[in-house]
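In what follows, a single structure is set out as structure tokens and then discussed.
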Amino acid sequence: MNHRIQEGPTYIADILKQEKSLIVAGLLGFLLAGICGIWVLIYGASIGPEGNIGKAFSFNAALGIFLFSTAVILPFSGMGTRSKAWFRWSYIVLALYSYFAETVQNFRGVDPRFVRNGTGFDEAVSNIFVLVALLLVLFYVIIAVQYFRSRVLNANPEIVLGIRYAMIAVIFSFAAGIWISVNTGRFTGADGNIIWLHGFGFHALQVVPFAAWLSMITLNPASRFIVIHLTGITYLLGLMAIGWQTLLGYTLFEWSALPIGAAFFFLVAFILSAWMVGQAYVQHANQRINRSSHGR
């Protein structure tokens, strides 16, 4: 049975109302990250033998941003009320366990993923964490597929096009996360660090849909899709350059073709967004001038 895909929300207030539970879950990540950050400033990051509060800080902050970004794009998925509720609460439960495992275990001095000489409790937490991570990937792939339906694109073409690029980047991130698990650590080769590919992929959820939204308020219809495609493609090329450099086992912090190429591609994506922010400011300023001149 076909369901009419509703138009996505136009205002941030609509999104906050529709997905307040996911947003609250994201804010919890920011709160936990703040607690971890204060601890690191006062006592340092390391808690023996394996705990690292700095890692808990970055994980909680990253998951919080991820949940918040997901809350913003979920209303554009074209999913029905029940399907969205199923995804929403499944993801919240999985996120709560992830917060618990990452924060509590690091404060206990235990690596939550790769336990060494831990207790039975620590092994159980780690094993469940692996299952939770796989479910987070599986459920997100299910929702990612929704944005590649033609009806969803037709309902909100600019925003959904940007989300499509972001979802491809997120798949790169999930692949990097699985790579970290199989590799039993983030480091590979001589100086490669998989965490950069893992992190930058998720940030596409903020960069490309934001650029798509900016294009709607600053550009004419003919130019919007060009800018969205350019932003999405350059961001993906930057990810590919990072992934290739990491696969070779080299650091990103060297003057070679792949790191320089990655920096160039990301810079193009960010410059496009910065230019549209400037255009939006100019348009807003002109509107204020016009209103004030008509009011005289």
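Assorted remarks:
- Within the stretch 132-169, the only residue that satisfies the criterion of being open to solvent by 20 Å² or more (accessible area, probe 1.4 Å), in contact (Cβ under 8 Å) with a residue 40 or more places away in the chain and among the hydroxyl-bearing types (S, T, Y) is Y165.
- Hits in the stretch 13-64 (condition: over 23 Å from D122 (Cα atoms) and either hydroxyl-bearing (S, T, Y) or part of a strand (DSSP E or B) (or both)): S21, Y43
- S256 being out of contact with any Gly (no Cβ under 6 Å at 6 or more places or on another chain), in contact (Cβ under 8 Å) with a residue 24 or more places away in the chain and among the small types (G, A, S): no
- Taken together, G261, G249 contain a single residue that is within 30 Å of A176 (Cα to Cα), touching a residue at least 24 places away in the same chain (Cβ under 8 Å) and in a helix (DSSP H, G or I), which is G261.
- Among residues of the stretch 234-259 being open to solvent by 80 Å² or more (accessible area, probe 1.4 Å) and among the hydrophobic types (A, V, I, L, M, F, W, C), the one that is farthest from H284 (Cα to Cα) is L248.
- Verdict on S215 being of a type in the set (S, T, Y), open to solvent by 40 Å² or more (accessible area, probe 1.4 Å) and in a helix (DSSP H, G or I): no
- Flag not set for S181, criterion: touching a Leu at 6+ places or on another chain (Cβ under 8 Å), of a type in the set (S, T, N, Q) and within 21 Å of N60 (Cβ to Cβ).
- Pairs meeting the criteria (first residue in the stretch 43-56 and open to solvent by less than 20 Å² (accessible area, probe 1.4 Å), second residue among the small types (G, A, S) and not in a strand (DSSP E or B), beta carbons under 6 Å, at least 6 apart or on different chains) are G51/G109; I53/A45.
- Listed conditions (1) touching a Phe, Trp or Tyr at 6+ places or on another chain (Cβ under 9 Å); (2) assigned to a helix (DSSP H, G or I) are all met by A190, apart from (2).
The values are calculated or read from the model by the stated rules, or taken from the named source; none is laboratory data. Just so you know, these numbers come straight off a predicted model, no measurement behind them. Here the Cβ is made from the backbone with ideal geometry for all residues, glycine too, and neighbour counts use every protein chain on show. In case anyone asks, the SASA skips ligands and DNA or RNA and just uses the protein heavy atoms, side chains included. Shrake-Rupley method; radii C 1.70, N 1.55, O 1.52, S 1.80 Å.
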